[in-house]
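S.K.: Sharing a structure here in structure tokens format.
Read-outs: derived from the displayed coordinates by stated rules, not from any lab. Everything numeric here is computed off the predicted structure, so don't read it as measured data. Cβ coordinates were reconstructed from backbone atoms using ideal geometry, including for glycine residues, and neighbour counts include every protein chain displayed.
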Amino acid sequence: MARVKYGPASRRRRKKISKMAKGQRAGRSKWHRITMESVNKALAYGTRDRRAKKRDFRRLWTLRISNACKELDMSYSKFMKALKDAKIGLNRKILADIALNDRQAFKKLVDSVKKK
């Protein structure tokens, strides 16, 4: 039987990894072993930080809503409970945007849930 050579497949694999390492400095983009390590680490960081980004944004939205509520003499937790009881289905992202950009509308929202 003929000998099987894996040259083209190996080269294709190495090229794929080195494309991912484009823009990295020194051996991280030149030497295959170091390139593999840095690309794998970068992919792991990317996965981790995509999840962390969601947490960070939720924390930011909560903080913005909380600060806007405190100005109107209401706590964040009471405000969110009142919204839920009033069956107002606004999420934190939208509430934070309203609190930041449209104070009057947010004040009306707080006043409407305070009455109930």
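S.K.: Please state the relative contact order of the chain as a whole percent: Cα pairs under 8 Å, 6+ residues apart?
M.R.: Details: 63 pairs, mean separation 20.5, N = 116.
It rounds to 18 percent for the chain.
S.K.: Counting other C-beta atoms within 10 Å, which of M74, M1 has the fewest, and how do the rest follow? Don't skip to the answer; put the middle values down first.
M.R.: Values: M74 17, M1 3.
The most exposed by this proxy come first: M1, M74.
S.K.: A further question on this structure: So which chymotrypsin sites (Phe, Trp or Tyr not before Pro) in region 2-78 end up in coil per DSSP with only 10 or fewer other C-beta atoms within 10 Å? Working shown, then result.
M.R.: Working: sites: Y6, W31, Y45, F57, W61, Y76; in loops: Y6, W31.
Answer in residue order: Y6.
S.K.: Using Cα-Cα distances under 8 Å and only pairs 6 or more residues apart, what relative contact order does region 63-112 have, in percent? Kindly include the intermediate steps, with their values, before the conclusion.
M.R.: Working: 26 pairs, mean separation 20.7, N = 50.
Rounded, it is 41 percent for region 63-112.
S.K.: List the trypsin sites (Lys or Arg not before Pro) within region 19-99 that DSSP assigns to loop and that have no more than 13 neighbouring Cβ atoms inside 10 Å. Display every interim value, and only then the final one.
M.R.: Details: sites: K19, K22, R25, R28, K30, R33, K41, R48, R50, R51, K53, K54, R55, R58, R59, R64, K70, K78, K81, K84, K87, R92, K93; in loops: K22, R25, K87.
Passing sites in region 19-99 are K22, R25, K87.
S.K.: A follow-up question, please. Test of understanding: in a Gaussian network model of the chain with alpha carbons linked when under 10 Å, which of D97, D49, D73 would top the mean-square fluctuation ranking?
M.R.: D73
S.K.: Subtracting the Cα-Cα distance from 0.36 nm times the residue separation, let me have the gained length for K16 to I94 in nm, one decimal. Let's see the in-between values first.
M.R.: Working: separation 78, 0.36 × 78 = 28.08 nm, distance 4.08 nm.
That works out to 24.0 nm of additional length.
S.K.: Just to confirm a number: summing +1 for Lys and Arg and -1 for Asp and Glu over residues other than W61 whose beta-carbon lies under 9 angstrom from that of W61, what do you get? The partial results should precede the final answer.
M.R.: Working: positive: R58, R59, R64, R92, K93; negative: D97.
Once all neighbours under 9 Å are counted, the net charge is +4.
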